[in-house]
Amino acid sequence: MADQLYLSLWFPNFRFATLPETTIGVLKQFSRLSGLPRVAAAAAYPVNFAEPPIYQRVYVLDKRAEDDSPDVAASLIENAVPEAMEQLHEDTAYEFETKWQLWTYEAGVGGLDATWKRKPHTVKVIAFGPTFDDATYEENGHIRVDFGLDTPWIVTDDTDEEDLWEDEEARKEAAKYVKENIEMLLAFTLSVEKHCAIENRLLWTESGEPLAQKLIARLQRLN
């Protein structure tokens, strides 16, 4: 079953005033892997995520955007973060949406062969004020990275993917692409650990099931 995947980051002797700088640092490490030095959207939520955002901006970054357009310049990490966090409030969470390309399995439909394709996957980097949602940072980290569903690293057992498990060549191909996705995930995690002066990190799933065990089980099955 698909599960939500997160990376929580805590920083030593953390000072709230440094939250914008710290957030930029984490996003910069992500951009090194994604090749995207911009954010797709930004928002600020007061009190908890049930409240409407007090700040929200979605950037036009598709083919409609020119290189010198205001949205393209404003969406750069070093510009988007200070704008969204211009007014720092201790009871507010600041969310930045970005993307990276991961291998994704597409089952064959209507006579078409199943295939693997690189597709954009949304990632959210959330910086928590110290009193947001009753000090949720204590459990979720000063900064939490939301990777979305863990399917790019696990590949589910849905019936429309049975051909992955029945054909040896398909299993070998799946193992290759899943490993590449795992390498991307680990590269980002290690890059943050090396360059962002974190005190502690935790890669975890919403269900609480250990991710390492799921990865090992899946690769064993693919191999």
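The values are calculated or read from the model by the stated rules, or taken from the named source; none is laboratory data. Quick caveat, the model's predicted, so the values are computed rather than measured. Positions of Cβ are generated from backbone atoms using ideal geometry, with glycine treated the same way; all protein chains shown enter the neighbour counts.
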Could you check, for segment 134-149, whether at least one of its residues is out of contact with any helix residue (DSSP H, G or I) (no Cβ under 7 Å at 6 or more places or on another chain), modelled with pLDDT of 90 or more and over 30 Å from ALA44 (Cβ atoms)? no
Could you identify the single residue in VAL72, VAL58 that is out of contact with any Pro (no Cβ under 7 Å at 6 or more places or on another chain), farther than 30 Å from ARG171 by Cβ and at pLDDT below 90? VAL72
Any pair with Cβ under 8 angstrom, 6 or more apart, that starts in segment 119-138 at a residue that is farther than 22 Å from GLY35 by Cα and ends at one that is assigned to a strand (DSSP E or B) and of a type in the set (Lys, Arg): PHE128/ARG144
Across segment 112-147, what is the total count of residues that are more than 20 Å from LYS179 (Cα to Cα) and either among the hydrophobic types (A, V, I, L, M, F, W, C) or not in a strand (DSSP E or B) (or both)? 22
Identity of the residue in segment 86-109, farther than 25 Å from ARG15 by Cβ, of a type in the set (A, V, I, L, M) and in contact (Cβ under 8 Å) with a residue 40 or more places away in the chain, that ends up surrounded by the most Cβ atoms within 10 Å (Cβ to Cβ): LEU102
In segment 173-202, which residues are closer than 13 Å to LEU102 by Cα, without any contact (Cβ under 8 Å) to a residue 24 or more places away in the chain and basic (Lys, Arg)? LYS176
List the number of the failed condition for GLN87; all other conditions in (1) polar (S, T, N, Q); (2) at pLDDT below 95; (3) in a helix (DSSP H, G or I) hold. (3)
Please work out which one of (1) within 19 Å of GLY141 (Cβ to Cβ); (2) surrounded by fewer than 21 Cβ atoms within 10 Å (Cβ to Cβ); (3) of a type in the set (Gly, Ala, Ser) is the condition ALA73 fails and give its number. (1)
Inside segment 9-25, can you point out the residues that are surrounded by fewer than 20 Cβ atoms within 10 Å (Cβ to Cβ), farther than 15 Å from VAL81 by Cα and not aromatic (Phe, Trp, Tyr)? PRO12, ASN13, ARG15
Against the definition (of a type outside the set (S, T, N, Q), surrounded by fewer than 21 Cβ atoms within 10 Å (Cβ to Cβ) and modelled with pLDDT of 95 or more), how does ALA41 come out, yes or no? yes
